[in-house]
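Inspection log for the structure reproduced underneath, given as structure tokens.
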């Protein structure tokens, strides 16, 4: 956990949410975020 909102800072810098994968979220939960939902097998 971090107080720094890295994903939001990337969005603020112009990175599309669809290009950001939240690695700290389990693959099953990523589909419920506004960010990319890539699952690696």
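How much length, in nm to one decimal, is gained on full extension between residue 28 and residue 5, taken as 0.36 nm per residue of separation minus their Cα-Cα distance? Could you put the intermediate results ahead of the total?
Values: separation 23, 0.36 × 23 = 8.28 nm, distance 2.13 nm.
Using 0.36 nm per residue and subtracting the Cα-Cα distance, I get 6.2 nm.
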Spacing of the two label points (7 Å from each Cα toward its C-beta) at residue 13 and residue 37, in nm: 2.7 nm
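Read-outs: derived from the displayed coordinates by stated rules, not from any lab. Treat the numbers as computed from the prediction; the structure is a model and nothing was measured. Because the Cβ atoms are built from the backbone with ideal geometry, glycine has one as well, and the counts that use them run over all protein chains shown.
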